[in-house]
Amino acid sequence: MEIGTLEKIGLTKNESIVYLTLVKSGTIKTAEILKKSGLNSGRIYDTLESLKHKGLISESNINGIKHFTASPPSQLKEYFQQRLKQLKKEESIIEESIPQLNLIRNTSIESSRATIYTGLRGLKTAVDEAFEKVGKDEEILAMGVTSLKDEKINRFWINWSPKRINKKIIAKHLFSEKSEFYDEFKKMKYTEAKYLEGITPVTIDIFGTKTVLIMNYKEPISCILIQDENTVQSFRQFFYQLWKIAKK
């Protein structure tokens, strides 16, 4: 077993090293743990106490000297199950806190702002943040939509769309070319799609009346989230000018 495996179930690096050292060495005293593990003496006592608290090692006194023994490996499963239960409890606390934190965050951020997100994870964050501000009777307008990008981004949009559809939010997509990607959106509920070849090198999504996303799908992926009603209105007008001349 590697140290990384133990870290994945919640142990720190030092805890993982000490536990594996004891598994290999049997019952040994602190000085031997330090020698065999190569750890610094400064944190060894905290690490040992933490492992005892987790039930993964035991302590015994032999001739007045503390010795430590690794608990049976099956105890790792018990520890992991306890950790899952604790995480489940903490999940409900987080869920209850999110509305209050959103209120605090929204009141502390200026009404007009621009934020840059990078990478696919950043893109997902920007999309979800923009979607939160779309009202019940508002719509999402997208122009410069293209299939000519990394397939993982295409799949993200296809997999994300049910979130919009479930809320019955209408979306209008203006594609830069006809493709299978275009055909998939044509089949979706609460979705309209047209194409106008080569209209823009980036994709621009207008979420409701408050937010615009400007997305560059070339590596490194980047996304600018703009929250400004005047900017949104300008992009909406531009979108509908193009929508009138686009083809189905």
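Per-residue answers, yes or no, for (1) more than 24 Å from residue 238 (Cα to Cα); (2) of a type in the set (S, T, N, Q); (3) out of contact with any Leu (no Cβ under 7 Å at 6 or more places or on another chain); (4) at pLDDT 95 or above:
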| site | (1), (2), (3), (4) |
| --- | --- |
| 116 | no, no, yes, no |
| 121 | yes, no, yes, no |
| 125 | yes, yes, yes, no |
| 133 | no, no, yes, no |
| 138 | no, no, yes, yes |
| 145 | no, no, no, no |
| 151 | yes, no, yes, no |
| 172 | no, no, no, yes |
| 175 | no, no, yes, no |
Being of a type in the set (Val, Ile, Thr), farther than 25 Å from residue 159 by Cβ and in contact with a strand residue (DSSP E or B) (Cβ under 8 Å, 6 or more places away or on another chain) is true for just one of 202, 212, 232. Which residue is that?
232
With the condition kept exactly as written, say whether any residue in region 233-246 is loosely packed, with under 15 Cβ neighbours inside 10 Å, assigned to a helix (DSSP H, G or I) and of a type in the set (Lys, Arg).
yes
Filter region 42-100 down to residues that are small (Gly, Ala, Ser) and in a helix (DSSP H, G or I) and give me whichever is farthest from residue 8 (Cα to Cα).
97
Output for region 11-29, where each listed residue is among the basic types (Lys, Arg) and not in a helix (DSSP H, G or I)
29
Note on region 197-241: residues at pLDDT 90 or above and aliphatic (A, V, I, L, M) are 204, 206, 212, 213, 214, 215, 221, 224, 225, 226, 232
Consider region 101-114. How many of its residues are exposed (fewer than 11 other Cβ atoms within 10 Å of the Cβ) and either part of a strand (DSSP E or B) or modelled with pLDDT of 85 or more (or both)?
1
Return yes when residue 93 is among the β-branched types (Val, Ile, Thr), closer than 30 Å to residue 216 by Cβ, at pLDDT below 90 and under 35 Å from the mean Cα position of the chain (by Cα) and no when it is not.
no
Can you tell me which residue within region 213-246, out of those that are among the hydrophobic types (A, V, I, L, M, F, W, C) and within 25 Å of the chain's Cα centre (by Cα), is farthest from residue 127 (Cα to Cα)?
221
List, please: which pairs have Cβ atoms under 9 Å, are six or more places apart or on different chains, and start with a residue in region 219-248 that is within 25 Å of residue 178 (Cβ to Cβ) and end with one that is in a helix (DSSP H, G or I) and basic (Lys, Arg)?
248/186
Farther than 30 Å from residue 228 by Cα and either of a type in the set (D, E, K, R) or in contact with a His (Cβ under 7 Å, 6 or more places away or on another chain) (or both) - does that describe any residue in region 33-40?
yes
Please go through (1) in contact with an Asp or Glu (Cβ under 8 Å, 6 or more places away or on another chain); (2) surrounded by fewer than 19 Cβ atoms within 10 Å (Cβ to Cβ); (3) of a type in the set (A, V, I, L, M, F, W, C) for residue 130 and return the number of the only condition it doesn't satisfy.
(2)
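The values are calculated or read from the model by the stated rules, or taken from the named source; none is laboratory data. It should be emphasised that the depicted structure is a prediction, and the values quoted were computed from it without experimental measurement. No Cβ is skipped: glycine too gets one built from the backbone with ideal geometry, and neighbour counts run over all protein chains shown.
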